[in-house]
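J.: I am attaching a structure below and will ask some questions about it afterwards.
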Amino acid sequence: MSEQLSVSIEYPHGVTDNAALVTPLGADRYRLDLDPIWSMMTDTNEQLRELPNFGDTIEAAVLTPGALKFLKVVVRAKLRRLELFVPPEVAESAGLRVILAKVEAMGGHWELVFNAILIVCVPDASPYDPTEDIERIVGGG
């Protein structure tokens, strides 16, 4: 398997991700290994639908070494994605670590951005939805 690369990716609508992590798959294909925070960079749901998320395979052109231009999503990862704002005390809590370990054990993925934005990706085939468990911790329950 190829080694992960840190690159910048130029997307439509004037969006550039300067801290993207990808795995080259050959033939101008790359798997996204970090989830872009689209809600902070796009204006419409239509724009969100055309942009990739964690685990998706994309086609991209090399602009310069370390810089790609997104062309299209080739294969969507089979993941359900949710994005929640969590206070720092929840982000650092033992309860949240238990939930995130469960997500990892089922082959899911999570990222905590700015110690406040929690992105969780759960396999489509899994019935587990961590939303209520996370909200219970946020609510102090």
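The values are calculated or read from the model by the stated rules, or taken from the named source; none is laboratory data. Predicted, not measured: the structure shown is a model, and the values here were computed from it. Cβ sites come from the backbone with ideal geometry, for glycine too, and all protein chains shown count toward neighbours.
One line per residue, one yes/no per condition, for (1) under 16 Å from the mean Cα position of the chain (by Cα); (2) surrounded by 14 or more Cβ atoms within 10 Å (Cβ to Cβ):
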| residue | (1), (2) |
| --- | --- |
| Ala60 | no, yes |
| Leu63 | no, no |
| Ala67 | no, yes |
| Lys102 | no, yes |
| Val120 | yes, yes |
| Arg136 | no, no |
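J.: Then there is this: What are the residue pairs meeting all of these: first residue in segment 60-72, first residue in the same structural domain as Val15 (by TED's automatic domain parsing) and farther than 13 Å from Leu5 by Cβ, second residue modelled with pLDDT of 95 or more and not in a strand (DSSP E or B), Cβ atoms under 8 Å, and 6 or more apart or on different chains?
T.: Once the first residue is in the same structural domain as Val15 (by TED's automatic domain parsing) and farther than 13 Å from Leu5 by Cβ and sits in segment 60-72, its partners that are modelled with pLDDT of 95 or more and not in a strand (DSSP E or B) give Ala61/Asp28; Leu71/Asp28.
J.: For segment 70-79, name all the residues that are of a type outside the set (Val, Ile, Thr) and surrounded by fewer than 16 Cβ atoms within 10 Å (Cβ to Cβ).
T.: Within segment 70-79, Leu71, Lys72, Arg76, Lys78 meet the criteria.
J.: Would you be able to say whether some residue in segment 33-45 is at pLDDT 90 or above and under 23 Å from Leu118 (Cβ atoms)?
T.: Looking through segment 33-45, at least one residue is at pLDDT 90 or above and under 23 Å from Leu118 (Cβ atoms).
J.: Here is a further query. Determine which single condition Pro12 fails, assuming it passes every other condition in (1) exposed (fewer than 15 other Cβ atoms within 10 Å of the Cβ); (2) modelled with pLDDT of 90 or more.
T.: (2)
J.: Another question, if that's okay. Mind checking which residues of segment 46-82 are in contact with a helix residue (DSSP H, G or I) (Cβ under 7 Å, 6 or more places away or on another chain) and at pLDDT below 85?
T.: Answer for segment 46-82, where residues must be in contact with a helix residue (DSSP H, G or I) (Cβ under 7 Å, 6 or more places away or on another chain) and at pLDDT below 85: Leu48, Leu51.
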